Amino acid sequence: MNLGFLSEDVKIPLRKLLAVAFLFSSTFAWFYIFHIYLLDETFVSLGPMQWLYLGKALFYTSIVFSAIIGSLISERVERRKLLWSWIAFGVLTTASLAVFHGLAFSLLSSALLGASFGLGFPSCLAFLADSTAVEERARVSGVLFFLTLAMVF
């Protein structure tokens, strides 16, 4: 089996590819895990299903609004600082799930988790676009999605 087409005409340096892969794949894997598993487990244990629906609505709504805010902020703040701040915010928000419990905190954490995903995601995608040549974006993105699904599995 000849897989040479995967590395043929690759212009992205390995170091930059690894940085993009780490940022992009871990972000999407984190989103899939929360989307599929953790939100359901958090809210099902709290009682009626309306809390699950409200928690998911808060999660997705905060993703949308924070992504809009993140795209506006990215024009004014250096991308590297924004990405590091975004990663720190995501780690702290995710780690807070281990400490705090209860319905009120679960609803607040759903909104914060969504915000921590959406805030830096436009910059993450811009980093992907800036790091790859137009001709190889599809191939690099395919590899990144493969890594993401492997991480989730």
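Below is a table of values for the structure above.
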read-out: Stokes-Einstein diffusion coefficient of the chain, Kirkwood radius over Cα pairs, 10 °C, 1.306 mPa s, in µm²/s; value: 95 µm²/s
read-out: Whole-number accessible area per residue in Å² for the chain, which is evaluated in the context of all protein chains at 1.4 Å; value: 61 Å²
read-out: Accessible-area ranking of 81, 56, largest first, probe 1.4 Å; value: 81, 56
read-out: Cα-based equivalent ellipsoid, the stretch 59-109: semi-axes from gyration tensor eigenvalues, Å; value: 25, 15, 5
read-out: Between 0 and 90°, nearest 10: helix 14-33 axis offset from the chain longest Cα axis; value: 30 degrees
read-out: Relative contact order of the chain, defined on C-alpha pairs under 8 angstrom at six or more residues apart (%); value: 42 percent
read-out: Using alpha-carbon coordinates, inclination of helix 49-73 to the longest axis of the chain, degrees; value: 50 degrees
read-out: Carbon plus sulfur fraction of accessible area for the stretch 31-101, probe 1.4 Å, in percent; value: 71 percent
read-out: Radius of gyration and Dmax over the Cα atoms of the stretch 94-153, both given in Å; value: 16.2, 49
read-out: Inter-site label distance for residue 16 and residue 77 at 7 Å from Cα along Cβ, in nm; value: 2.4 nm
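The values are calculated or read from the model by the stated rules, or taken from the named source; none is laboratory data. All figures in this text were calculated on a predicted structure; none of them were measured in a lab. Neighbour counts run over all protein chains shown; Cβ positions are idealised from the backbone, glycine included. In case anyone asks, the SASA skips ligands and DNA or RNA and just uses the protein heavy atoms, side chains included. Shrake-Rupley method; radii C 1.70, N 1.55, O 1.52, S 1.80 Å.
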